[in-house]
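Could you have a look at this structure, given as structure tokens, before my questions?
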Amino acid sequence: MVRKNMAKDLSANLDLNLLRTFIIIAQEQNLRKAAERLFVTQPAVSHALQRLRNHFDDQLFTKTKQGLSATPYAEELYHHLQPAMDSLSKALNITLTFTPAELDGKIRIALAPQFLASIGSELFLKIHQAAPQLRVEILNWSTTTLMDIHQGETLLGINYDIENTSKELVRKELMKGEALVFVRENHPYRGSVITPTEAAQYGFACLIIPDRTEQITDVEKIFALYGLPANICFRSTSAQTVLEVVKETDMLFPCVSDLFSHSHPDFRKITVKLDRYSNQYELVAFYPNKNSKEPLTLWVMGLVSELLTQRNNPITS
């Protein structure tokens, strides 16, 4: 670390709230976004930053066209402070009973497009019912999600399994989902099970899932094993948009988890039969190793798992 004020004990008389502000600014690289996360005004964050600059005798952050850029000293300081602050928080709260009703502040949860469509609103309602003072942001999975989880900006993310992720992230399988396709109710294919050979006569409308299917779809990978061409007609990051296209065409919408909590009048689901490829996919939660026993993470993950199980194993009367 670059040494500053060697004759001065920098830990003396330093407000812990200032250190928390420093960490948030370092993560956001933007005073406005930092203020939003801290639930304070931007001038208050600017004032705190000036106090930090005076204390550490360093600019810490310089202005850029995109927002702020950390100085070398600030980067090194953040590298050491973030895990220390996490450890301090856990040490102070270790004897506290986890009570969702007492939660406040903000959490972010990232869901792959299909899961955002199928459980996004229900997940919020379950969290809100138990923790009404907690601000919840449920985001579509993006190319920055894994980094956001690693940096603590996003609590956890739900997606299909993604290989070659950081060793500092846990990849916990919540369940296995069965391969399905959705079609419009009056689709000419009337069977309840479909094979790749039967599906090859139709076009596909597919989701774009960042970090997984941006370059090539799972349909193309599977069809290649059968020596079949895959007619990918349409792709989108929005499940709702894909469904609107499927509703008006004979295209197939490949899924893993059921999109609907009950029968939908406009769509039918068809099971996919595969003999050269597993028809089950792992549904995985991604979160930092350091939070593997953190009550909030475990609680939210439990709610997600419950909703996914309901989707894939609906209760019938």
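With both bridge residues required to lie in the range 177-281, what share of the DSSP beta bridges run antiparallel, to the nearest 5%?
Values: 10 of 17 bridges.
Here the share of antiparallel DSSP bridges comes out near 60 percent.
Among R32, R108, R184, which one shows the highest mean-square fluctuation when the chain is modelled as a Gaussian network with alpha-carbon springs under 10 Å?
Most flexible of the set in this elastic network: R32.
Turning to a different aspect of this structure: Over the range 16-93, what is the relative contact order in percent, taking alpha-carbon pairs closer than 8 angstrom and at least six residues apart?
On the way: 63 pairs, mean separation 23.1, N = 78.
Computed over the range 16-93, the figure is 30 percent.
Might you report the magnitude of the Cβ-based charge dipole of the chain about its Cα centre, with Lys and Arg at +1 and Asp and Glu at -1, to the nearest 20 debye?
Details: 33 positive and 35 negative charges, 103 e Å.
The dipole of the chain has a size of about 500 debye.
Give the order of M147, M175, M251 when sorted by the count of other beta carbons within 10 angstrom, beginning with the fewest. Let's see the in-between values first.
On the way: M147 12, M175 16, M251 23.
By the 10 Å Cβ count, ascending: M147, M175, M251.
Semi-axes of the equivalent ellipsoid for the range 177-281, please: Cα gyration tensor eigenvalues, times 5, square-rooted, ordered largest first, whole Å.
Working: eigenvalues 72, 52, 37 Å².
Working from the Cα gyration tensor, I get semi-axes of 19, 16, 14 Å.
Kindly work out what percent of the DSSP beta bridges joining two residues of the chain are antiparallel, to the nearest 5.
Working: 24 of 40 bridges.
DSSP beta bridges in the chain are roughly 60 percent antiparallel.
Related question: Past the 31 Å Cα-Cα mark, which pairs from K221/K293; K221/K269; K176/K221; K126/K290? Each step should come with its number before you reach the end.
On the way: K221/K293 37 Å; K221/K269 21 Å; K176/K221 19 Å; K126/K290 25 Å.
Exceeds cut-off: K221/K293.
Comparing D104, D57, D266, which has the greatest mean-square fluctuation in the GNM of the chain with Cα pairs linked when under 10 Å apart?
Comparing D104, D57, D266 in a Gaussian network model of the chain, the most mobile one is D57.
Note down the relative contact order for the range 177-281 as a percent, whole number, built from C-alpha pairs under 8 angstrom at least six residues apart. Please report the intermediate quantities before stating the final value.
Working: 170 pairs, mean separation 55.4, N = 105.
The value is 53 percent.
Expressed in nm to one decimal, what extension gain is obtained for the pair S192 and D86 from 0.36 nm per residue of sequence separation less their Cα-Cα distance? Let's see the in-between values first.
Values: separation 106, 0.36 × 106 = 38.16 nm, distance 5.07 nm.
Roughly 33.1 nm would be gained on extension.
For the range 107-184 and the range 31-65, what is the separation of their Cα centres, given in Å?
30 Å
Return the tail of the calculated pair distribution for the chain, meaning the percent of Cα-Cα pairs more than 26 Å apart.
Working: 27766 of 50086 pairs.
So the portion of pairs separated by more than 26 Å is 55 percent.
Right, next: Give me F115, F56, F39 ranked fewest to most by other Cβ atoms within 10 Å of their Cβ, as a rough exposure proxy. Mind showing how you got there, number by number?
Values: F115 30, F56 19, F39 11.
Lowest count first: F39, F56, F115.
I need to check one value: relative contact order of the chain, counting alpha carbon pairs closer than 8 Å and at least 6 residues apart, in percent. Could you put the intermediate results ahead of the total?
On the way: 475 pairs, mean separation 63.1, N = 317.
Contact order relative to length: 20 percent.
Which order do T249, T21 fall in if you start with the one that has the fewest other Cβ atoms within 10 Å?
Details: T249 16, T21 23.
Listed from fewest to most nearby Cβ atoms, that is T249, T21.
What are the residues whose amide H is under 5 Å from the amide H of W141, where those residues sit 5 or more places off or on another chain and H is modelled from the backbone?
Those qualifying (amide H under 5 Å, at least 5 residues apart or on another chain) are L111, A112.
FYI, it's all coordinate maths here, none of it is from the lab. If you're wondering where the values come from, they're calculated on a predicted model, not measured in any experiment. Ideal geometry is used to build each Cβ from the backbone, glycine not excepted, and the neighbour counts take in all protein chains shown.
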